[in-house]
1. Run the simple label-point estimate for ARG86 and GLU16 please: 7 Å along Cα→C-beta, distance reported in nm.
2. Local charge sum around ASP146 (other residues, Cβ-Cβ under 11 Å, Lys/Arg +1, Asp/Glu -1)?
3. Nearest 10 degrees is fine. How inclined is helix 219-231 to the longest principal axis of the chain, computing both from alpha carbons?
4. From the backbone phi of segment 107-124, what are the Karplus-calculated ³J(HN,Hα) couplings (6.51 cos²θ - 1.76 cosθ + 1.60, θ = phi - 60°) in whole Hz, Gly and Pro given as x?
5. Looking at segment 221-279, which GluC sites (Glu not before Pro) are DSSP coil and have at most 10 other C-beta atoms within 10 Å of their C-beta?
6. Counting other Cβ atoms within 10 Å, keep those with at most 14, restrict to DSSP loop, and tell me which trypsin sites (Lys or Arg not before Pro) in segment 9-68 are left.
7. Any idea what the alpha-carbon Rg over 2.2 N^0.38 Å comes to for the chain?
8. With a point put 7 Å past each Cα toward its Cβ, work out how far ARG161 is from VAL57 in nm, to one decimal.
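Every number in this text was worked out from the coordinates using simple rules, so none of it is lab data. Note that this is a predicted model, so its numbers are computed, not measured. Note: ideal-geometry Cβ built from the backbone for every residue, glycine included; neighbour counts use all protein chains shown.
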Amino acid sequence: MDRPTVAALLTEGAAELPRREGIPDPRREAVWLLARAWGRSEVTVRTDAAAVPPDVVVGRYREWLRRRAAGEPAHHLTGSCPFWGREFQVCPDVLVPRPETELIVEAALALEPGRVRRVLDVGTGSGCLAVTLVCERPGWRVTATDLSPRALRVAAANARRHGVRVGFVRCDLASALTGPFDLVVANLPYVPSASLPDLPLEVRHDPVSALDGGPNGLDLVSRLVKDLPRLLAPAGQALLEVGAGQAERVRVVAGEVLAWEKPVNDLGGVHRVVRLHRQ
Ligand SMILES: C[S@@+](CC[C@H](N)C(=O)[O-])C[C@H]1O[C@@H](n2cnc3c(N)ncnc32)[C@H](O)[C@@H]1O
């Protein structure tokens, strides 16, 4: 039997992948998967329709199509996800880094570098925030916590991969640390428990411990906010990712103990990153 061309493989992929929230464009997804399975650029795959990939590539691509159709996130198949221009190892033990979390990086890098020295990342997951911040600001000393030992192993591997040092600590939020820190960043779980079953299929492959924010979604974020006066150095700042409609509720929790700045909006206009600082 003739071996399939790129054109045939893409047609096959587009037909096999169901169009749904996580796969809005099956053909584009097929291009992405074939390019990764083959180690070629997406442009090459799009423009070289008559090429015939090796059997091993076709086998990998077809396996990925099957798993992707069954709901596995694309980045779990390749084991890697880009974040702020770098590749991070991911697996089912950690949340796949999301583009909106890059807003925390952007806000952190906008701070005057010389005024920040000690940084804390609470709930580090893959380590994407902690590792990115040290890569971008080698003078910053970054500590990162997580409750999950498996997540901390992945984060440590990502720090090694990018050749940076991060102090990893396993603890509940920042309970094992005394600080003070000039900057605290966190993307903690913030999905209300009752909403978990309604999440898109792909998101349900992330660990529940990385998503479940308790009955009102803000259990962990609120606990951290209440601990910030202890953790932050004078004039220290916190950048916390939250979900739609949660920023104002965090403002209430912060009360009069912490000063509030206008949150950073994501592309959808959601108040995505809450900014607090010690008065
Ligand atoms: C939403 S994920 C974010 C991971 C990473 N910061 C990112 O932005 O991709 C939240 C992380 O918080 C961790 N976590 C959940 N509860 C925690 C707790 N009580 N103390 C420390 N970490 C916790 C989870 O294990 C998970 O890795």
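1. Computed distance between label sites ARG86 and GLU16 equals 3.4 nm.
2. Details: positive: ARG150, ARG153, ARG170; negative: ASP93, ASP121, ASP172.
Taking every other residue near ASP146 into account, the sum is 0.
3. The helix 219-231 is inclined about 50 degrees to the chain.
4. 5, 5, 6, 7, 6, 5, x, x, 8, 10, 9, 10, 10, 10, 10, 9, x, 6
5. Working: sites: GLU241, GLU248, GLU256, GLU261; in loops: GLU256.
Passing both the DSSP loop test and the Cβ count: GLU256.
6. Working: sites: ARG19, ARG20, ARG27, ARG28, ARG36, ARG40, ARG46, ARG60, ARG62, ARG66, ARG67, ARG68; in loops: ARG19, ARG40.
Counting only loop positions with at most 14 other Cβ atoms within 10 Å, the trypsin sites (Lys or Arg not before Pro) in segment 9-68 are ARG19.
7. Working: Rg = 20.7 Å, N = 279, 2.2 N^0.38 = 18.7 Å.
Relative to the rule-of-thumb radius for its length, the chain sits at 1.11.
8. With each label placed 7 Å out from Cα toward Cβ, I get 2.3 nm.
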